[in-house]
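**Student:** Sharing a structure here in structure tokens format.
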Amino acid sequence: MGQDYYAVLQISCNANDVQIKKAYRKLALKTHPLKKLEPVAAETFKQIAEAYDVLSDQFYDEEGKEVDLNFGGLRGRGVKKQDPSIERDLYLSLEDLFFGCTKKIKISRRVLNEDGYSSTIKDKILTIDVKPGWRQGTRITFEKEGDQGPNIIPADIIFIVKEKLHARFRRESDNLFFVYPIPLGKALTCCTVEVKTLDDRLLNIPINDIVHPKYFKRVPDEGMPLPEDPTKKGDLFIFFDIQFPTRLTPQKKQLLRQALLT
């Protein structure tokens, strides 16, 4: 059966994917029903489209191996197949994921014309309603929005959420991590940490403990909204980057000895 399809496209049975595509384009333009007025033109064009549909399959399956063109006796007899899903990254800021937002994405897709054989490239706007708290890896599927073609079910288009790097916070699940640089003196004698939140509030967090290298402060309910219930939030974790002095005068060294070693 495979030999018949090669003959339809007027190529050898050893033709590669590029040669198959080139032959298909050449013959499709030559035999298009809108250009050829003979009664058999539509049927010829359909055979060319079907041959291309079948032969192009042999170059990609899930394992990268050649596909059996007979496909149980069904391939090439009008049985439709669906192209593999098309996956694209959707980069969002933490603010986008904190509040939720609407993203409009323009795609260009091949759409079948009314004759059922030829196609036209058309633009379409896909709208994504980002929900508060969506996590990295969230998948948004638009079913059958890929290219159309004879005997082809359009592929699904899937957008996968990716988080942009943020200037102040790092997200872990539904929690936010914040690093605060603190001088050694304040680390030993208590301080107040100011944190500007994603919704522009200013938190003043008192630190009454001695800040050591493994110390952190947990602030409940100041993290990201939970996707299941955006009225609830994760936590904010404040870590500290203790700034040691690069030099001390003899007098300050003496004072520190008296304060810390006696």
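**Student:** Rounded to whole Å and sorted largest first, list the principal axis extents of the Cα atoms in the stretch 205-259.
**Tutor:** The Cα atoms of the stretch 205-259 stretch 59, 20, 16 Å along the principal axes, largest first.
**Student:** Ordered by packing density, taken as the mean number of other Cβ atoms within 10 Å over each peptide's residues, highest first, how do 193-203, 223-233 rank?
**Tutor:** Details: 193-203: 12.8, 223-233: 15.8.
Result, highest mean first: 223-233, 193-203.
**Student:** In the structure displayed, which of 22/106; 22/124; 186/252 lie more than 18 Å apart, Cα to Cα?
**Tutor:** Values: 22/106 28 Å; 22/124 27 Å; 186/252 16 Å.
Violating the 18 Å limit, Cα to Cα: 22/106; 22/124.
**Student:** Could you estimate the translational diffusion coefficient of the stretch 162-210 from the Stokes-Einstein equation, with Rh from the Kirkwood formula over C-alpha pairs, at 20 °C and 1.002 mPa s, in whole µm²/s? Intermediate results must be reported in sequence, preceding the final value.
**Tutor:** On the way: Rh = 12.5 Å.
Stokes-Einstein gives a translational diffusion coefficient of 171 µm²/s.
**Student:** Sorting check: for 92-98, 246-252, 211-217, 21-27, which peptide has the highest mean count of neighbouring beta carbons within 10 Å, and how do the rest follow? Let's see the in-between values first.
**Tutor:** Working: 92-98: 19.1, 246-252: 8.1, 211-217: 13.7, 21-27: 16.3.
The most tightly packed comes first, giving 92-98, 21-27, 211-217, 246-252.
**Student:** As an exercise, use a Förster radius of 35 Å and the Cβ-Cβ distance of residue 214 and residue 89 to find the FRET efficiency, rounded to the nearest 0.05.
**Tutor:** On the way: r = 36 Å, r/R0 = 1.02.
Working from the Cβ atoms, E equals 0.45.
**Student:** Probe of 1.4 angstrom, ligands and nucleic acids ignored: what's the accessible area per residue over the stretch 154-193, in square angstrom?
**Tutor:** Working: 2010 Å² over 40 residues.
Per-residue value: 50 Å².
**Student:** OK, next. Hey, any idea what % of the stretch 162-262's accessible area is carbon plus sulfur with a 1.4 Å probe? Could you put the intermediate results ahead of the total?
**Tutor:** Numbers: 3840 of 6940 Å².
Carbon with sulfur: 55 percent of the solvent-accessible area.
**Student:** Let me ask something additional. For the stretch 147-262, what proportion of DSSP beta bridges, expressed in % and rounded to the nearest 5, is antiparallel? Can you show the working numbers first?
**Tutor:** On the way: 17 of 25 bridges.
Among the beta bridges of the stretch 147-262, antiparallel pairing accounts for roughly 70 percent.
**Student:** What are the ³J(HN,Hα) couplings of the stretch 86-97, residue after residue, when phi is run through the Karplus curve with 6.51, -1.76, 1.60 and θ = phi - 60°? Round to Hz, x for glycine and proline.
**Tutor:** Result, rounded to whole Hz: 9, 10, 9, 7, 10, 7, 10, 7, 4, 5, 4, 7.
**Student:** Continuing with this model, one more query. Strictly greater than 17 Å: what percent of every Cα pair in the stretch 115-197 meets that?
**Tutor:** Details: 2337 of 3403 pairs.
Here the long-distance tail beyond 17 Å is 69 percent of all Cα pairs in the stretch 115-197.
The values are calculated or read from the model by the stated rules, or taken from the named source; none is laboratory data. All values reported here derive from a predicted model rather than from experimental measurement. Ideal geometry is used to build each Cβ from the backbone, glycine not excepted, and the neighbour counts take in all protein chains shown. Protein only, heavy atoms only, side chains kept; ligands, DNA and RNA dropped before computing areas. Shrake-Rupley method; radii C 1.70, N 1.55, O 1.52, S 1.80 Å.
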